[in-house]
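Q: Sharing a structure with you now.
The values are calculated or read from the model by the stated rules, or taken from the named source; none is laboratory data. What you see is a predicted model, and the numbers here were worked out from it, not measured in a lab. Backbone-built Cβ (ideal geometry, glycine too); neighbour counts: all protein chains shown.
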């Protein structure tokens, strides 16, 4: 009897949190957090090419330089800090209007060939927040969009404690 691999069939991307690790500077302090997320997608339409800048992937920049279009960046990370025993979203200390988030564009991952289902890992490197009153205990929520504008599930990191 032959064992057949189960094919990924959902066209909505699914992600899972794999690990959080630190890169340290010469003084032994945490200089970068590396979040590793696994993904799988049944139709393989993950990632954006450099030419993907027309609607619905255009940036739509506001007056302070922030993209208003959630599809321009296809990987989104919400940032939380622990205050008084609870995790809370953080207001951007530089404009006091937005919550502190990270948004990235990752490259087109669609495989060549007839079978388009894919799985793999994405690593994101995040610098520690250097604004006044930043705490050392953080948490991150992550989701991605595919080119059909399907939003993945949202995954949460474990509690991350920085050695600043």
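Q: Scan segment 136-150 and tell me whether some residue there is buried (at least 17 other Cβ atoms within 10 Å of the Cβ), modelled with pLDDT under 95 and not in a strand (DSSP E or B).
A: no
Q: In addition: Taking the criterion of being assigned to a strand (DSSP E or B), farther than 17 Å from residue 134 by Cα and modelled with pLDDT under 90, would at least one residue in segment 51-65 satisfy it? Explain how you work it out, then say what you get.
A: At the first step, the residues of segment 51-65 found to be assigned to a strand (DSSP E or B) are 61.
Keeping just the survivors that are farther than 17 Å from residue 134 by Cα gives 61.
Add one more test, that the residue is modelled with pLDDT under 90, and what stays is 61.
Yes, segment 51-65 contains a residue that is assigned to a strand (DSSP E or B), farther than 17 Å from residue 134 by Cα and modelled with pLDDT under 90.
Q: Looking at residue 163 and the list (1) exposed (fewer than 15 other Cβ atoms within 10 Å of the Cβ); (2) modelled with pLDDT under 90; (3) more than 29 Å from residue 28 (Cα to Cα), which single condition is not satisfied?
A: All conditions are met except number (3).
Q: Count, please, the residues in segment 22-45 that happen to be modelled with pLDDT of 95 or more and farther than 18 Å from residue 111 by Cβ.
A: Counting residues in segment 22-45 that are modelled with pLDDT of 95 or more and farther than 18 Å from residue 111 by Cβ gives 4.
Q: Taking only pairs six or more apart or across chains, which ones have beta-carbon atoms under 9 Å, a first residue in segment 37-52 that is touching a residue at least 12 places away in the same chain (Cβ under 8 Å) and at positive phi, and a second residue that is surrounded by 21 or more Cβ atoms within 10 Å (Cβ to Cβ) and part of a loop (DSSP other than H, G, I, E, B)?
A: From segment 37-52, the pairs are 47/74.
Q: What number of residues within segment 17-41 are surrounded by fewer than 16 Cβ atoms within 10 Å (Cβ to Cβ), farther than 12 Å from residue 125 by Cβ and within 12 Å of the chain's Cα centre (by Cα)?
A: So the answer is 1.
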